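> So that we are looking at the same thing, I have put the structure below in structure tokens.
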Amino acid sequence: MITKTKPVTGAAIKRAIETRDGQALAGFYADHAVTRIVDRNNPPSRPREIKGRAAIAAFWGDICGRAMTHRVDTTLADGDRVAFTQACVYPDGAKVFCIALLELKDGLIVDQTIVQAWDE
């Protein structure tokens, strides 16, 4: 069961991502939140959109369930906005890098944009 957590902070995001806690991550989102992903497979003209906390929870469950390490290097906060960079490494050495921008309302994420790239 997903429950809302304390308001989102850079430290809370870092802790949840680095410990691969998908349930904690899902709890940071408002019920009607939207996450947009831009990458090689989802270009700016057709970004992937994940709508609603349940769908976002499934997304994080998949990401956190993968055998890989996650490191949040930079976190910036300004009012109701949080941005962070994330570097990931799979066991075979393949790397993923992403930058994310979060918009908050009442301490929960209502909008997120992720831009990511990976080794091929």
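> How do the pairs read when you match residues in the stretch 46-59 that are closer than 13 Å to VAL110 by Cα with residues anywhere that are β-branched (Val, Ile, Thr) and part of a helix (DSSP H, G or I), using Cβ under 6 Å and keeping only pairs 6 or more apart or on different chains?
Listed pairs, sorted by first residue: ILE50/ILE56.
> Restricting the search to the stretch 18-46, which residues are out of contact with any Lys or Arg (no Cβ under 6 Å at 6 or more places or on another chain) and of a type in the set (Phe, Trp, Tyr)?
Within the stretch 18-46, PHE28 is the sole residue that qualifies.
> Moving on. Determine which single condition GLN112 fails, assuming it passes every other condition in (1) loosely packed, with under 14 Cβ neighbours inside 10 Å; (2) not in a loop (DSSP other than H, G, I, E, B).
The single condition GLN112 does not satisfy is (1).
Each row is one residue, and each column tells you yes or no for (1) modelled with pLDDT of 95 or more; (2) outside any strand (DSSP E or B); (3) in contact with a Gly (Cβ under 6 Å, 6 or more places away or on another chain).
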| residue | (1), (2), (3) |
| --- | --- |
| ARG20 | yes, yes, no |
| ARG46 | yes, yes, no |
| ALA57 | yes, yes, no |
| LEU76 | no, no, no |
| THR85 | yes, no, no |
| ASP92 | yes, yes, no |
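> Within the stretch 77-109, take every residue that is of a type in the set (A, V, I, L, M, F, W, C) and farther than 19 Å from TRP60 by Cβ and give me the one that is surrounded by the most Cβ atoms within 10 Å (Cβ to Cβ). Break it down stepwise before answering.
Initially, the stretch 77-109 is screened for residues of a type in the set (A, V, I, L, M, F, W, C), giving 77, 82-84, 87-89, 94, 96-102, 104, 108-109.
Then drop every residue that is not farther than 19 Å from TRP60 by Cβ, which leaves 77, 94.
Details: ALA77: 16, ALA94: 12.
If we take residues in the stretch 77-109 being of a type in the set (A, V, I, L, M, F, W, C) and farther than 19 Å from TRP60 by Cβ, then ALA77 is surrounded by the most Cβ atoms within 10 Å (Cβ to Cβ).
The values are calculated or read from the model by the stated rules, or taken from the named source; none is laboratory data. Bear in mind the structure is a predicted one, so any value in this text is a computation, not a measurement. Reconstructed Cβ throughout: ideal geometry from the backbone, glycine too, with neighbour counts over all protein chains shown.
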